[in-house]
Number of protein chains: 2
Amino acid sequence: MSTAKKLVAAASSLLDSGGENAVTLRAVAQAVGVSYNAPYKHFESRKSLLAAVIAEDFLMLSDAFRNLRESTAAPIDKLRCALKVFADFGQEKPARYRLMANHDGHGDSVEEAAFSTFVEFAAIVEECRVAADLPDVSGTNLAGLIFATLHGLISLDANARLKPEKGLTSIGESMDLLLGLLRPSK
Amino acid sequence: MSTAKKLVAAASSLLDSGGENAVTLRAVAQAVGVSYNAPYKHFESRKSLLAAVIAEDFLMLSDAFRNLRESTAAPIDKLRCALKVFADFGQEKPARYRLMANHDGHGDSVEEAAFSTFVEFAAIVEECRVAADLPDVSGTNLAGLIFATLHGLISLDANARLKPEKGLTSIGESMDLLLGLLRPSK
DNA sequence: ACCTGAACACCGTTCAAGT
DNA sequence: ACCTGAACACCGTTCAAGT
């Protein structure tokens, strides 16, 4: 395993265990066993090391969505499953999720990875539309709306703002409400 | 104007002009004209100064929503207007919005201010439901869902992720799509 | 009560060397 | 090529004084 990959893995791990503030280049370097500025030999800056973490996670989600899409499940089940994969990631790795959500300015490779994740998601939504599980509006518009809602819910959840008084009990329940309301009546 | 209030105003201003990283206690103090650790005489820490900024903004939005609710406009217009107020705030003051979105752990006064903002918003949504502009599901659940969607869109927009290829052209357009799809067919 | 300035323990980053 | 350690310019925070 190359030093660069070890640094990315260490940064991810620190992100999960202590949040973004715990990811200092000194801590990352120490976790890998190199001197405190060895990271600069592999990444331009702390930001670009974090960019590598973000891109890796987007590609992982992208792969998960593609596998789902290529499975034989019913379209609506693929969608539900994709929503769950995304929501689970957000809940289990909140610090990484937050970085991904605020990835602006982290470079083109992150941008591309984020886009490919969305493309896979949108393809599943399109399958649902074709199967008449969702209303007949332009696929990407609908995918964008569902994606934004899911992202909003995950973000609220990550801040402990999903409370019954706020009309939000869980991500899954709220997404079910949305999909139920969107389902064409015909 | 008390020093404490001046510090909050300076922090807000720095937040708008340079983002969260620009809000160092040294910069805030200098903007107010006091020594670099005078803020500690008014706030426990940098975090609690930021908490004051967050709470102030939530209360401002809460007031705006209450004024809207007490106006004589049609329920659906009140809702559209509330959505616009919130979206405009998110677009014009992205750094402040991001802090509000990630307000977890900033203390009870922030929590309360955030909750009162939601309560006002939910009241407007409830008016729409009563007027049959929205489907007949429990008011706060619906309010929570609409709020999460709006928040998701603002968050995506703040990260330059509202692109036509992603099915998201603008916050307003996407919210119109949602409200249109939610409108009961009856 | 309110403020000041030195001091401390961190950071990210740069630079000149080392193998 | 890859790594190291001193050094710099910042931070948040604490503390002992000052008015």
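Name the residue, out of A:LEU59, A:LEU99, that is away from DNA strand C (no atom under 14 Å from the Cβ) and assigned to a helix (DSSP H, G or I).
Within the list A:LEU59, A:LEU99, the selection yields A:LEU59.
Within the range A:80-96, can one find any residue that is under 21 Å from B:ARG161 (Cα atoms) and facing chain B (nearest Cβ under 7 Å)?
No, there is no match, as no residue in the range A:80-96 is under 21 Å from B:ARG161 (Cα atoms) and facing chain B (nearest Cβ under 7 Å).
So the check is Cβ under 7 Å with 6+ separation or different chains; which pairs have a first residue in the range B:70-84 that's at positive phi and a second one that's among the aromatic types (Phe, Trp, Tyr) and surrounded by 13 or more Cβ atoms within 10 Å (Cβ to Cβ)?
That search, which allows pairs on different chains as well, returns nothing.
Return only the number of the condition from (1) more than 9 Å from chain B (Cβ to nearest Cβ); (2) more than 20 Å from the chain's Cα centre (by Cα) that A:ALA123 does not satisfy.
(2)
Yes or no: the range B:30-45 includes at least one residue that is buried (at least 21 other Cβ atoms within 10 Å of the Cβ) and more than 16 Å from DNA strand C (Cβ to nearest atom).
No.
Show the residue pairs meeting these rules: Cβ distance below 7 Å; 6+ apart or different chains; first residue within the range B:11-30 and within 20 Å of A:ASN21 (Cα to Cα) and more than 14 Å from chain A (Cβ to nearest Cβ); second residue β-branched (Val, Ile, Thr) and away from DNA strand C (no atom under 14 Å from the Cβ).
Hits for this filter: B:LEU15/B:VAL23; B:LEU15/B:VAL53.
Taking the range B:29-56 as the region of interest, how many residues are more than 7 Å from DNA strand D (Cβ to nearest atom) and either outside any helix (DSSP H, G or I) or aliphatic (A, V, I, L, M) (or both)?
Residues in the range B:29-56 being more than 7 Å from DNA strand D (Cβ to nearest atom) and either outside any helix (DSSP H, G or I) or aliphatic (A, V, I, L, M) (or both): 17 in total.
Taking only the range B:150-171 into account, find how many residues are within 7 Å of chain A (Cβ to nearest Cβ) and not in a helix (DSSP H, G or I).
Number of matching residues: 4.
Name every residue in the range B:12-28 that is near DNA strand D (Cβ under 9 Å from one of its atoms) and buried (at least 19 other Cβ atoms within 10 Å of the Cβ), in order of residue number.
B:VAL23, B:VAL28
Could you tell me whether any residue of the range A:86-97 is in contact (Cβ under 8 Å) with a residue 40 or more places away in the chain, crowded, with 18+ Cβ neighbours inside 10 Å, within 17 Å of A:ALA122 (Cα to Cα) and more than 16 Å from DNA strand D (Cβ to nearest atom)?
Looking through the range A:86-97, at least one residue is in contact (Cβ under 8 Å) with a residue 40 or more places away in the chain, crowded, with 18+ Cβ neighbours inside 10 Å, within 17 Å of A:ALA122 (Cα to Cα) and more than 16 Å from DNA strand D (Cβ to nearest atom).
Restrict the check to the range A:132-139 and report whether at least one residue is within 9 Å of another protein chain (Cβ to nearest Cβ) and part of a helix (DSSP H, G or I).
Checking the range A:132-139: at least one residue is within 9 Å of another protein chain (Cβ to nearest Cβ) and part of a helix (DSSP H, G or I).
I'd like to check something: does the range A:65-80 contain any residue that is within 20 Å of A:LEU156 (Cα to Cα) and assigned to a helix (DSSP H, G or I)?
Checked against the condition, which is being within 20 Å of A:LEU156 (Cα to Cα) and assigned to a helix (DSSP H, G or I), the range A:65-80 yields at least one hit.
Taking B:GLY180 as the residue in question, decide whether it is out of contact with any helix residue (DSSP H, G or I) (no Cβ under 9 Å at 6 or more places or on another chain) and within 12 Å of chain A (Cβ to nearest Cβ).
Against the criterion (out of contact with any helix residue (DSSP H, G or I) (no Cβ under 9 Å at 6 or more places or on another chain) and within 12 Å of chain A (Cβ to nearest Cβ)), B:GLY180 qualifies.
All of the numbers you see were taken from the coordinates with simple rules; none came from a lab. In this text, all values refer to a predicted model and were calculated from it rather than measured experimentally. FYI the Cβ positions are ideal-geometry reconstructions off the backbone, even for glycines, and counts take in every protein chain you see.
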